[in-house]
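Structure first, commentary second.
The values are calculated or read from the model by the stated rules, or taken from the named source; none is laboratory data. Model, not experiment: these values are computed from the prediction. Using ideal geometry, Cβ is built from the backbone for each residue, glycine included, and neighbour counts are taken over all protein chains shown. Side chains included, ligands, DNA and RNA excluded: accessible areas come from the protein's heavy atoms. Shrake-Rupley method; radii C 1.70, N 1.55, O 1.52, S 1.80 Å.
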Amino acid sequence: MGPLRKKAVPASVLILVAVVFSAWDAELHFGDVTDIGNSFDFLSGMWPLDFSMADHTLEETLITVEMAFLGTVAGLAVALPLSFLAARNTSPGPVVCNGVRSFLTLLRSIPELVLALIFVPTFGLEPLTVIVAIFLHNVAVLGKLLAELVEAADPGPREAVASTGARDVLVALYGIVPQIFPNILSHYFYRLEVGVRSSLLFGAIGAGGIGDVLFLHFKTFEYAAMAVDILAIMVLIWLLDILGAFFRAKVI
Amino acid sequence: MLQFIDLTKRYGKADPPALQDFSLTVEEGEFVVLLGRSGAGKSTLIRCANGLIRPTSGEVRWKGESVTRAKKEELLKLRAGMGMIFQQFQLISRLDVLTNVMVGRFHHLPLWRSLTGTFPPEVVETAREALHRVGIGHLARQRADGLSGGQQQRVAIARVLVQRPKLLLGDEPVASLDPVTADAILRLLKEIHRHEKMTTILNLHDVHMARRVATRIVGIRNGRLVFDGKPEELDESRVWDIYRPDDDCCRPFLVHESQPPVSHVLLRV
Ligand SMILES: Nc1ncnc2c1ncn2[C@@H]1O[C@H](COP(=O)(O)OP(=O)(O)OP(=O)(O)O)[C@@H](O)[C@H]1O
Ligand SMILES: [Mg+2]
C-alpha cells in the first residue's frame, strides 16, 4: 500500500476535477430529478402487459435474430481466412500482414451505425442494410480477434503438419483451427449477442426487426405492448447465452 | 543421401551462431544419432534438413536436390519424402488418432479431400494398418490428447509410416518418456529403420541409448561438429569432448583427479 498511497492523493484530485468539469460542461440539469414520477408513470403504463400484438413481436424478434445471425456468420466466414493473413506467424509476408491489419483497423474505426447509413441509399430501410452493416463490422472485429488467437496458438502441431509436405492452407486448417476452435466459438456467440443488440438499435432508424416495433410502440404510447417487446428481447439475449454455453461445452 | 554443406544459422545478429560451418553427409540406410548439450544446435540442424528452418548460409541437399533453394512446390515434395517426429509429439490434440495418422497422406491426396475431411477408404485402411503395426490399433477413434506420451509418439510414428518417407528425422523423440517406454519406442524406430530401409537421424540425450541404436554417432558442440564416427569409437574422452562445460571454472569441480565423472555417468558404466 505504501507506494500506492503516495500517488492516491493526486490521482483522486485529478479524477474529482475531471468529474466536476464534465458534469458542469455537459450542463446536467440535476434539478429535473424531481420529475422522477414521470418515469414511474411510464413504467406503470406497461402494466398489465398487452399480449394482443405478441404474434407480431415474435415475428419481428425472429427477424432480428436472422439479421444478426446472417451478418455475423458471413462476417466470421470472411474474417477467418483474413485472420490467417493478418497473423504474424501465418501471414505469407509482411506486406500482406500489414495490409490486412490496416484494412481491418480502418473498417473497425467506422461505427456500425455509419456503415448502416451508408447502405441505406443502396438497400433502403430494409433488413439487408442492417445485415451488411453487421457483416462489415464483424469482419473487422472478428478478423482482429481471430488473428490474435492464431498468433497465440501452439506452433507444435503446425510444425508437425508442415513436416509432412502439406500445403499451407492445410497446415492452418489442421495445425491451428482445431486448437482455437472453442475460442472461435466463444467469440462468435459473443458477437452474435452484440449483433442482436445492434440490430435492435438499427430498428430505431426503421430498418425492421424487434427494435423497429419497440420504437413504434414507444412513439404511439403503447407502453403495455412495448413491455412485451422488451420481454422478448430479454428472453432472446438469455437464450443466446445458454446456446453459446451449450455449444462451447460440446466442443471442449 | 543427405548433405549438410557449410551450414551456418544465426537466429539474431548479436547471438552466437546456432550452427557454424557445419558439414555432414548421411548415406542411405544409416542410423545416425546426434549428440550434444542443450543449445548445441541439434534441433536447428534437424529442422534444416526438411526446410522448417532456413540456414543463414550454406545448403542442404537431399538426393542431389537442394532443400535450401527449393521453390515452395518443390519444398513440399521434398518434405513429403521426409518424416518427422518430435519430443512433445505435436499431435493435433482435438482430433482423433486416425485423422492424425492420415495427415501423413495429405501431400498425396487431392486438396478437396483434406479440406473437407473426406478420406478415401483405402487411406483410412492404410492408417488403421499403420496403427496396428505400432501396436495401438484399438485407439483409432480416441482423441489424441487423451493418450499417454508413449501412445502419442506411436501415433506420430504411424503418421510417418503412412507418409512412407525415405528419411526419418527425430528431434529427441524419447526425451519426454520414461526409460522403459523410451526403450520400446527406440526399438520400434530401429525395427522400422531395418524393415522399411528408412534412413534415420535422431537427436538423443542419452549416450547409452545412442551407442545401442546408432550405426553412426555425430557430436555437436556450440554449432560445430566435434565427433563423427562409429558407436564403438565413441570412448569416454570423446563423450567428454561433446559434453564438457565451456567455462574452465567448473572443470576442477567436475573432473575429479583426472577422471571425468560426468562422462562416467553419461555412459552408465
Ligand atoms: N527460434 C529461436 N530463436 C532464437 N534463438 C534460438 C531459436 N531456436 C534456437 N535458438 C538458439 O540456438 C541455439 C541452438 O538451439 P537448438 O534448439 O538447436 O539446440 P539443441 O541442441 O536442440 O538444444 P536442446 O538439447 O536443449 O534441445 C541455442 O542457443 C538456442 O538458444
Ligand atoms: Mg532441441
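Considered as a group, the residues in region A:41-59 that are at pLDDT 90 or above and more than 16 Å from A:Ile230 (Cβ to Cβ) include one that is farthest from the chain's Cα centre (by Cα), and that residue is A:Asp55.
With respect to B:Thr68, is the statement that it is in the same structural domain as B:Leu188 (by TED's automatic domain parsing), more than 16 Å from ligand 1 (Cβ to nearest atom) and either assigned to a loop (DSSP other than H, G, I, E, B) or in contact with a Phe, Trp or Tyr (Cβ under 8 Å, 6 or more places away or on another chain) (or both) true? For B:Thr68, the condition - in the same structural domain as B:Leu188 (by TED's automatic domain parsing), more than 16 Å from ligand 1 (Cβ to nearest atom) and either assigned to a loop (DSSP other than H, G, I, E, B) or in contact with a Phe, Trp or Tyr (Cβ under 8 Å, 6 or more places away or on another chain) (or both) - is met. In this structure, A:Thr72 does satisfy being in contact with a Phe, Trp or Tyr (Cβ under 9 Å, 6 or more places away or on another chain), at pLDDT 95 or above and of a type in the set (Ser, Thr, Tyr).
Determine whether region A:64-71 contains at least one residue that is surrounded by 20 or more Cβ atoms within 10 Å (Cβ to Cβ) and farther than 24 Å from A:Ile184 by Cβ.
No, region A:64-71 has no match at all.
Could we say that A:Val235 is modelled with pLDDT under 90 and surrounded by fewer than 17 Cβ atoms within 10 Å (Cβ to Cβ) here?
no
Every condition in (1) touching a strand residue (DSSP E or B) at 6+ places or on another chain (Cβ under 9 Å); (2) more than 16 Å from ligand 2 (Cβ to nearest atom) is met by B:Ile53 except one, and the failing one is (2). Among the residues in region A:76-99, are any within 14 Å of chain B (Cβ to nearest Cβ), open to solvent by 40 Å² or more (accessible area, probe 1.4 Å), within 30 Å of A:Gly211 (Cα to Cα) and part of a helix (DSSP H, G or I)? Yes, region A:76-99 contains at least one residue that is within 14 Å of chain B (Cβ to nearest Cβ), open to solvent by 40 Å² or more (accessible area, probe 1.4 Å), within 30 Å of A:Gly211 (Cα to Cα) and part of a helix (DSSP H, G or I). In summary, helices (runs of 4 or more DSSP H) completely within region B:128-235 and bearing 2 or more residues that are under 18 Å from B:Val97 (Cα atoms), away from ligand 1 (no atom under 16 Å from the Cβ) and in contact with a strand residue (DSSP E or B) (Cβ under 6 Å, 6 or more places away or on another chain) occur at B:149-163. If I ask for residues that are open to solvent by 60 Å² or more (accessible area, probe 1.4 Å) and free of Cβ contacts under 8 Å to residues at least 24 places away in the same chain, which ones from region B:113-147 would you list? Answer for region B:113-147, where residues must be open to solvent by 60 Å² or more (accessible area, probe 1.4 Å) and free of Cβ contacts under 8 Å to residues at least 24 places away in the same chain: B:Leu115, B:Thr116, B:Thr118, B:Pro121, B:Glu122, B:Glu125, B:Glu129, B:His132, B:His138, B:Gly146. Could we say that A:Arg191 is more than 14 Å from chain B (Cβ to nearest Cβ), assigned to a helix (DSSP H, G or I) and not aliphatic (A, V, I, L, M) here? Yes. Would you confirm whether or not region B:64-71 contains a residue that is in contact (Cβ under 8 Å) with a residue 60 or more places away in the chain, more than 10 Å from every other protein chain (Cβ to nearest Cβ) and open to solvent by 20 Å² or more (accessible area, probe 1.4 Å)? Scanning region B:64-71, I find at least one residue that is in contact (Cβ under 8 Å) with a residue 60 or more places away in the chain, more than 10 Å from every other protein chain (Cβ to nearest Cβ) and open to solvent by 20 Å² or more (accessible area, probe 1.4 Å), so the answer is yes.
Could you say whether any residue in region B:106-121 is under 21 Å from the mean Cα position of the chain (by Cα) and within 13 Å of another protein chain (Cβ to nearest Cβ)? Among the residues of region B:106-121, at least one is under 21 Å from the mean Cα position of the chain (by Cα) and within 13 Å of another protein chain (Cβ to nearest Cβ), which makes the answer yes. Residues in region A:104-119 that are of a type outside the set (D, E, K, R) and in contact (Cβ under 8 Å) with a residue 60 or more places away in the chain: A:Leu113, A:Ala116, A:Leu117.
Within the option set B:Gly83, B:Gly51, being within 14 Å of another protein chain (Cβ to nearest Cβ), within 16 Å of ligand 1 (Cβ to nearest atom) and either assigned to a helix (DSSP H, G or I) or at pLDDT 95 or above (or both) holds for one residue only, B:Gly51. Within region B:94-105, restricting attention to residues that are within 7 Å of chain A (Cβ to nearest Cβ) and not aliphatic (A, V, I, L, M), the residue that is surrounded by the fewest Cβ atoms within 10 Å (Cβ to Cβ) is B:Arg94. If you filter region B:76-105 down to residues that are on the phi < 0 side of the Ramachandran plot and within 16 Å of ligand 2 (Cβ to nearest atom), you find that the one that is farthest from the chain's Cα centre (by Cα) is B:Gln88.
Give the residues of region B:2-44 that are within 12 Å of ligand 1 (Cβ to nearest atom), in contact (Cβ under 8 Å) with a residue 40 or more places away in the chain, of a type in the set (A, V, I, L, M) and farther than 24 Å from B:Glu232 by Cα, sorted by residue number. If the condition is that a residue be within 12 Å of ligand 1 (Cβ to nearest atom), in contact (Cβ under 8 Å) with a residue 40 or more places away in the chain, of a type in the set (A, V, I, L, M) and farther than 24 Å from B:Glu232 by Cα, then B:Leu7, B:Ala18, B:Leu19 are the ones that fit. All of (1) open to solvent by 50 Å² or more (accessible area, probe 1.4 Å); (2) more than 26 Å from B:Lys197 (Cα to Cα); (3) away from ligand 2 (no atom under 16 Å from the Cβ) hold for B:Thr8 with one exception: (1). Just for region B:32-46: of the residues that are within 15 Å of B:Met82 (Cβ to Cβ) and more than 9 Å from ligand 2 (Cβ to nearest atom), which one is nearest to the other protein chains (Cβ to nearest Cβ)? Here the residue is B:Leu45.
Among the residues of region B:198-210, not a single one is free of Cβ contacts under 8 Å to residues at least 60 places away in the same chain and open to solvent by less than 20 Å² (accessible area, probe 1.4 Å). In summary, B:Asp206 fulfils each of the numbered conditions (1) within 21 Å of B:Leu34 (Cα to Cα); (2) modelled with pLDDT of 95 or more with the single exception of condition (2). The helices (runs of 4 or more DSSP H) located wholly in region A:110-181 that include 1 or more residues which are within 11 Å of another protein chain (Cβ to nearest Cβ) occupy A:155-162, A:168-175.
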